[in-house]
Every structure is written in C-alpha cells, then in structure tokens.
1. Only one of the values [x] 266; [y] 205; [z] 149 was calculated from this structure for volume of the Cα convex hull per residue in Å³; name its label.
2. Ordered by residue, what ³J(HN,Hα) values in Hz, to whole numbers, does the stretch 41-55 give under the Karplus form 6.51 cos²θ - 1.76 cosθ + 1.60, where θ = phi - 60° and Gly and Pro are x?
3. Nearest 10 degrees, 0 to 90: what angle lies between the long axis of helix 98-113 and the longest principal axis of the chain (Cα atoms)?
4. If the stretch 1-94 were replaced by its equivalent ellipsoid, with semi-axes equal to the square roots of 5 times the Cα gyration tensor eigenvalues, what would those be, largest first, whole Å?
5. Can you run phi through the Karplus equation (6.51, -1.76, 1.60; θ = phi - 60°) for the stretch 8-13 and list ³J(HN,Hα) in whole Hz, with x for Gly and Pro?
6. What residue among His113, His153, His121 shows peak mean-square fluctuation when the chain is described by a Gaussian network model with Cα springs under 10 Å?
7. With a 10 Å cut-off between alpha carbons and a GNM built on the chain, which of Leu78, Leu105, Leu69 moves the most?
8. When the helix-only estimate is applied to the chain (DSSP H runs of n ≥ 4, each -39,500 (n - 2.57), divided by the residue count), what is the mean residue ellipticity at 222 nm, nearest 500 deg cm²/dmol?
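What follows is calculated from the coordinates using simple rules that are stated; it is not laboratory data. Computed from a prediction, not measured in an experiment: that's the story for all the values here.
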Amino acid sequence: MGLQEFQVVGRHLPTTNEPNPKIYRMRIFAPNEVVAKSRFWYFLRQLKKVKKASGEIIGVNVIHEAKPLKVKNFGIWLRYDSRSGTHNMYKEFRDLSRADAVKSLYQDMAARHRARFRSIHILRVVEIAKSDDVRRPYIKQLLTPGLKFPLPHRVGKSAATFVANRPSTF
C-alpha cells in the first residue's frame with residue numbers, strides 16, 4: 001500500500017442564506033484519490049457541519065516531495081483510538097518523503113499498538129530542519145557526523161572448494 005499526499009479542497013453547497021460558503025482545505029495521506037475524498041468528508045463531518053450530500057469538492061491535487069532523494073527527519077502528531085480510549089502522540093521518523101514517513105508511521109502503529117488505518121488521525125507532519133530540534137533518541141543516534149556501519153565477520157568467496165587453511169574473517 002503506497003501512500004500519496006493529497007490536497008483536497010471542498011465546501012458546503014451554496015444556499016440562499018449562505019451564497020459564499022467557507023472553503024476548507026486538507027492535506028490527506030491516502031493510497032488513491034477516492035480514499036482521499038472519503039477521508040476528507042469523514043474529517044469535515046467531524047469538524048464542521050458539512051457532509052458529502054450537502055457539500056462539494058472543488059479540487060483534488062497530488063502533492064509531490066520537493067527533494068525526493070534527500071533523507072529528512074519528520075515529526076508527526078497523531079491521534080488514535082485504541083481498545084481503551086483515544087490517545088494523542090508525537091513520533092519521529094527518518095525518511096525520504098512525507099508520504100514514506102507516514103507509511104512508516106502506519107506500520108509502526110500497527111506493530112506497536114495494533115492500531116488500524118481507520119483508527120489513526122494524522123494531525124500534523126513537519127520536516128525537522130535542525131538536528132537540535134530532534135527529540136527522540138532513536139533518531140538522534142543517526143545524526144552523528146561520520147556515522148559508519150561496520151560489517152564484521154565477512155566471509156570472502158574462495159576460488160577453490162577445498163582449501164588448506166581457514167578463512168580470515170576479521
């Protein structure tokens with residue numbers, strides 16, 4: 001399930017009492033445009049007195065990442081419904097794009113908290129520009145300059161099947 005970031009813009013249908021209704025814009029992460037529209041109406045129905053039957057969608061756009069090849073740190077605020085109640089949470093992820101970070105969030109929430117896609121509401125996704133603003137130690141440990149990942153105990157390929165001495169792997 002690859003997620004994309006959509007900008008969905010909609011409003012209440014114009015009436016005689018309200019000829020110019022307020023326009024609402026949301027950034028929604030969804031696998032396709034249909035799910036993005038559905039989530040838009042779901043959230044708008046919760047926040048304002050607008051539902052799909054009495055509203056209209058003005059536009060749906062896909063938001064692409066500005067620098068998709070640069071590794072960035074993201075902070076995500078979310079609210080999710082567990083078996084015991086509703087919880088607010090802040091998590092940090094290191095990924096190439098906002099959509100990939102949100103996908104990692106859904107995987108992490110499913111693994112750690114057994115939270116489904118339908119029970120997670122993403123409130124805010126922010127790219128953390130300065131390394132001083134990173135809060136979580138599991139992301140901080142990746143920010144040290146000159147970070148190396150050594151590969152100990154490498155077994156080299158031998159040309160012959162049977163050799164007189166053991167391979168040196170250190």
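1. [y]
2. Once θ is set to phi - 60°, the couplings for the stretch 41-55 become 5, 4, 6, 5, 5, 6, 7, 10, 8, 9, 10, 4, 5, 10, x Hz.
3. 80 degrees
4. They are 28, 19, 11 Å, listed from largest to smallest.
5. Using θ = phi - 60°, the values come out as 10, 10, x, 7, 6, 5 Hz.
6. Most flexible of the set in this elastic network: His153.
7. Maximum fluctuation in the GNM of the chain, among the listed residues, is at Leu69.
8. -6500 deg cm²/dmol
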